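Asker: If you scroll down you'll find the structure; I have some questions about it.
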Amino acid sequence: MEVPLLAGDFLRRAVKLYPGQEAVVDGELRLTYAEFGARVNQLANALAALGVAKGDRVAILSPNSHKFLEVLFATHAMGAVVVPINYRLIASDFEYVLNHSGTKVAVVDSDYAGVVDGLRGKLPTVEHYVTARFETEEVLPGWEDYDALVAAQPATPPPDPGLSESDTLSINYTSGTTARPKGVMITHRNAYINAYNAIAHWRITQDDREMWTLPMFHANGWGGPYAITAMGGTHVVLRKVEGAAIYQMMQDEGITFACMAPAVLATILEFPDKGDYSIATRPRFVIAGAPPPQTFIQRLEEELGWEFIQIYGLTETSPILTISEIKPHLGLTGESYYRTKARAGQEVIGTEVRVFGSDGEEVPWDDESIGEVAARSNVVLAGYWEQPEETAKVIRDGWFFTGDMATVNQDGYINIVDRAKDVIISGGENISSIEVEDVLYKHPSVLEAAVIGVPSEKWGETPMAVIVPREGTSPTSDEIREHCRALMAHFKTPSRVEFVEALPRTATGKLKKFELREMYWQGKSRRVN
C-alpha cells in the first residue's frame, strides 16, 4: 500500500511520541505537543464549521506567533490550502493576494486587522474574517475571534480529507519587488522532502530549540515548522527582531538553532551589549538570501563561537537546494575555509543542481565560467497559481531555472555571483556585484553596501557603490575607491560612491537593487543588462 507524504504527518507523530515535550513557547504561553495538537484539531474543526473544505484557501496575515503555526497545521489536517501573507506589504498588496488566491477565510493578527477591515468591500471571495488578537483587544464588528472559535470546537482530529501528496499545501507569494507577486504552489510532497533535507543537513534533533527570527510566512519558514515538529523539538517564537530580545531569548530559552536573513545576522553581530548575556549553547545559524560578507561568518564563528550554515534556495524550491557544508577531506583552513562557507554550496539530498551557460551546456568547474542555476527535484514548485504562462517561463525541459547566476569550483561548490539582471557588464567584462560588496564590507566604516551598474558612455555600464556608513564614521568616496583598488582588479572598482542612511530591502532582507538602479537609468531607452 502506497502511503502519501503529507505535511500533517509531522505533527501526528510528534503528538504520539512526544506528548509531554515542550512544543511552542510564545511569550508567557507554553504548549506541550499534546496541547498544541489539540489546539490544531480545534482550529481545523472551526475552519470546517465556517464552511472551509478541501482545496479552499485560508490566508494568515501575522507576525510570528503560535497561532501562525496552528493555522499551518490546521489547514494541512483538514485539506485546505494555506496562504501565508507577508505582513510587511502594503494594503494594495494584501488586496491583490487575497483576491488572486481566492481566499475564503482570512486570519489576521490584530496589528493588521484595521488595514484589512478597510478592504472588505474589495474582497469578494473572503467569507469570514478572523482576528488573532491579544486578550485585551476588542474584536472588530463583523469579525470573529480566533480564540473563541478554537475554544468552541472539540479536540478530536477532523475527518480525513483524502489528500494526495501532489495536492497543494500552500500558495506562497513571492516578494514582488519588480512586479505583482506570483503565487508559488507548494505541494505536500514538496514540503515533506524539503523537511527531510532540513532534518538531515541541519542536524535537527529533539533537543533543538529554534528561535523564530525568520518570518514564518517566508516559504513556510524554510521548512522549520515541519522539521522541528517532526523531531519533537521546540519552537520559540520571536515576534519582533531586536538585538536585546534575541540575546535575552537565547540566554533564557537555551536556543540551539535559528534561521535568518543576513540583515538579522548583522543585527546580532553589531549589538553593542552582547557581552552582557551568557549563552550556554553553541547555536547553529542558518543563513539564506543574499550571501553575507565573509567577515560576518568569521566574526560569528571566531568572536562568538557559534556555527554558521549557508544555504541557497528559492520560494519556488520549497526552498532548500544547496548547503555549504565543509567536507573534512578538503582540508580547508583559514581564509579558504571561510571563503567556501560563504558559497551557496553543494546540492542537498534529492536535488540535482546544475549551472548552465548561454549555450545550454553545463559550465566547467573552473570557478570562472558564469551560468544560470537550474534544478530538478521533488522540491520544485507545482507551478504558479493561475499563471501557467509564468510557469512555462521558468520550467523548461524538466529544469527549473532560477534566474541566479553562478560559478562552480573544482569541488562542486556553487557560488552565486548575482541575479541574472544584476551582473554588471563593463567593457565586455563580467563583474559580480556580490564580489565588490564583499570587498566593501572589509572597510571598517562600511555598515551596509550595495553595488549596481550605472550608465557609462565609454564602458556601457560601470559599478557604483551605495553605502550606509557605520555610526560615528565619515568615509569619503576616494577612500572607499582606494580601498577597493588595493584588494581587487581595478576594472571592478566602483566608478562612483554614494552614501545613504538606509538601503531598500524586501521582507526577507534581500536588497531591492532595482529601486537603486531606477534612479540612475531613468530616461534610458535600453538597459545594458
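The values are calculated or read from the model by the stated rules, or taken from the named source; none is laboratory data. Only a predicted model underlies this, so the values are computations on that prediction, with no experimental measurement involved. When we count neighbours, we look across all protein chains shown, and the Cβ atoms used for this are built from the backbone with ideal geometry, even at glycine. Only protein heavy atoms, including side chains, enter the accessible area calculation; ligands, DNA and RNA are left aside. Shrake-Rupley method; radii C 1.70, N 1.55, O 1.52, S 1.80 Å.
Asker: Need the C-alpha centroid separation for the stretch 90-116 versus the stretch 52-69, integer Å.
Answerer: 11
Asker: Just tell me which lysines come within less than 19 Å, Cα to Cα, of K122; anything on the same chain fewer than 8 places away is out.
Answerer: Within the straight-line limit of under 19 Å, K122 reaches these lysines: K104.
Asker: In debye to the nearest 20, how big a dipole does the stretch 13-84 give about its Cα centre with +1 on each Lys and Arg Cβ and -1 on each Asp and Glu Cβ?
Answerer: 240
Asker: Next question, about the same structure. At q = 0.21, 0.22, 0.25, 0.27 Å⁻¹, what base-10 log of I(q)/I(0) does the Debye formula yield for the stretch 343-405 when every alpha carbon is treated as an equal point scatterer in vacuo?
Answerer: For the stretch 343-405, the Cα-only Debye profile gives -0.90, -0.96, -1.14, -1.25.
Asker: A further question follows. Which one, Y277, T351, P293, projects farthest toward the positive side of the charge dipole computed for the chain from Cβ point charges (K/R +1, D/E -1)?
Answerer: Checking the options against the dipole of the chain, the answer is T351.
Asker: Next up: Straight-line reach from K16: which lysines have a Cα under 22 Å away, not including same-chain ones fewer than 8 places off?
Answerer: Cross-link targets: K67.
Asker: On the accessible surface of the stretch 57-158, probed at 1.4 Å, how many percent belong to carbon and sulfur atoms? Before the final figure, lay out the partial values.
Answerer: Values: 2030 of 3710 Å².
Its accessible area is 55 percent carbon and sulfur atoms.
Asker: Based solely on its DSSP helices, what 222 nm [θ] is calculated for the chain when runs of n ≥ 4 H residues each add -39,500 (n - 2.57) and the sum is averaged over all residues, nearest 500 deg cm²/dmol?
Answerer: -8500 deg cm²/dmol
Asker: Given the Cα-Cα distance of A151 and R203 and 0.36 nm per residue of separation, how much length would full extension add, in nm?
Answerer: Fully extending the segment from A151 to R203 adds 15.1 nm.
Asker: Quote the charge dipole size of the stretch 272-327 about the Cα centre in Debye, to the nearest 20; the model charges only the Cβ of Lys and Arg (+1) and of Asp and Glu (-1).
Answerer: 120
Asker: Could you tell me the ratio Rg/Rh of the stretch 75-120? Both radii from Cα atoms, Rh via Kirkwood.
Answerer: 0.96
Asker: Over the Cα atoms of the chain, Rg to Rh with Kirkwood Rh, two decimal places?
Answerer: Rounded to two decimals, Rg over Rh is 0.97.
Asker: By DSSP, what percent of the beta bridges with both residues in the chain are antiparallel, rounded to the nearest 5?
Answerer: 55
Asker: Now a separate question. Under a Cβ-only charge scheme (Lys and Arg +1, Asp and Glu -1), can you give me the dipole magnitude of the chain about the Cα centre, in debye to the nearest 20?
Answerer: For this selection, approximately 600 debye.
Asker: Next question. Using the Karplus curve 6.51 cos²θ - 1.76 cosθ + 1.60 with θ = phi - 60°, what ³J(HN,Hα) values do you get for each residue of the stretch 74-88, in whole Hz, with x for Gly and Pro?
Answerer: 5, 5, 4, 5, 10, x, 7, 10, 8, 10, x, 10, 5, 6, 8
Asker: Per residue, what volume in Å³ does the Cα convex hull of the stretch 246-383 take up? Can you show the working numbers first?
Answerer: Working: hull volume 19.5 nm³, N = 138.
Output value, Cα hull per residue: 141 Å³.
Asker: Here is a further query. What shape does the stretch 445-506 take by its C-alpha gyration tensor, where a ≥ b ≥ c are the square roots of the eigenvalues and a/c under 1.5 counts as rounded, a/b above b/c as prolate, and the rest as oblate? Let's see the in-between values first.
Answerer: Working: a/c = 2.28, a/b = 1.36, b/c = 1.68.
It comes out oblate by the Cα gyration axes.
Asker: Report the relative contact order of the stretch 387-460, percent, no decimals, based on alpha-carbon pairs under 8 angstrom and at least 6 residues apart.
Answerer: Result for the stretch 387-460 is 20 percent.
Asker: Let me ask something additional. In whole angstrom, note down how far apart the Cα centers of the stretch 461-523 and the stretch 247-262 are.
Answerer: 31
Asker: Quote the relative contact order of the stretch 56-193 in percent (integer), defining contacts as alpha-carbon pairs under 8 Å separated by 6+ residues.
Answerer: 24
Asker: Shifting gears a bit: Nearest 0.05, what FRET efficiency do I326 and E270 give at R0 = 30 Å with Cβ-Cβ as r?
Answerer: Calculated transfer efficiency: 0.70.
Asker: Give me the percent relative contact order of the chain, please, defined on Cα pairs under 8 angstrom at least 6 residues apart.
Answerer: With pairs under 8 Å counted, the relative contact order is 11 percent.
Asker: When the Kirkwood hydrodynamic radius is evaluated over all pairs of different C-alpha atoms of the stretch 290-362, what value in angstrom, to one decimal, is obtained?
Answerer: It works out to 13.7 Å.
Asker: Amide H of E144: which non-local residues (sequence gap of 5 or more, or other chain) have their own amide H closer than 5 Å, using H built in the peptide plane?
Answerer: Correct list: Y129, V130, T131.
Asker: Now a separate question. Could you pull out every residue, at least 5 positions away or on a different chain, whose amide H is within less than 5 Å of the one on V446? Hs are placed 1.01 Å off N in the peptide plane, and Pro or chain starts have none.
Answerer: Excluding prolines and chain starts, which carry no amide H, the hits are R470.
Asker: Beyond a 25 Å Cα-Cα separation, which of these cross-linked pairs lie in this structure: K341/K393; K182/K341; K341/K492; K240/K510?
Answerer: Correct reply: K341/K393; K182/K341.
Asker: Compactness ratio of the stretch 18-166: Cα Rg over 2.2 N^0.38 Å, N = residue count?
Answerer: Normalised Rg, Cα atoms only: 1.01.
Asker: Return the tail of the calculated pair distribution for the stretch 365-511, meaning the percent of Cα-Cα pairs more than 17 Å apart.
Answerer: Looking at the stretch 365-511, the distances longer than 17 Å represent 68 percent of pairs.
Asker: Here's a follow-up. Could you list which residues have their amide H under 5 Å from that of E325, counting only those 5 or more apart in sequence or on another chain, with H placed in the peptide plane?
Answerer: Amide H neighbours of E325: Q346.
Asker: Count the DSSP beta bridges whose two residues both fall in the stretch 1-136, then state the antiparallel fraction as a percent rounded to the nearest 5.
Answerer: Working: 4 of 19 bridges.
Around 20 percent antiparallel, to the nearest 5.
Asker: Additional query: Quick one: Cα centre-to-centre distance for the stretch 137-152 and the stretch 365-386, in angstrom?
Answerer: 43
Asker: Averaged per residue, what accessible area in Å² does the chain show with a 1.4 Å probe, protein chains only? Show your work: numbers first, answer last.
Answerer: On the way: 21620 Å² over 529 residues.
Accessible area per residue, the chain: 41 Å².
Asker: Separate question: Is the shape of the stretch 97-138 rounded, prolate or oblate, going by the alpha carbon gyration tensor and its root eigenvalues a ≥ b ≥ c, with a/c under 1.5 for rounded and a/b larger than b/c for prolate? Show your work: numbers first, answer last.
Answerer: Numbers: a/c = 2.56, a/b = 2.01, b/c = 1.27.
Verdict is prolate for the stretch 97-138.
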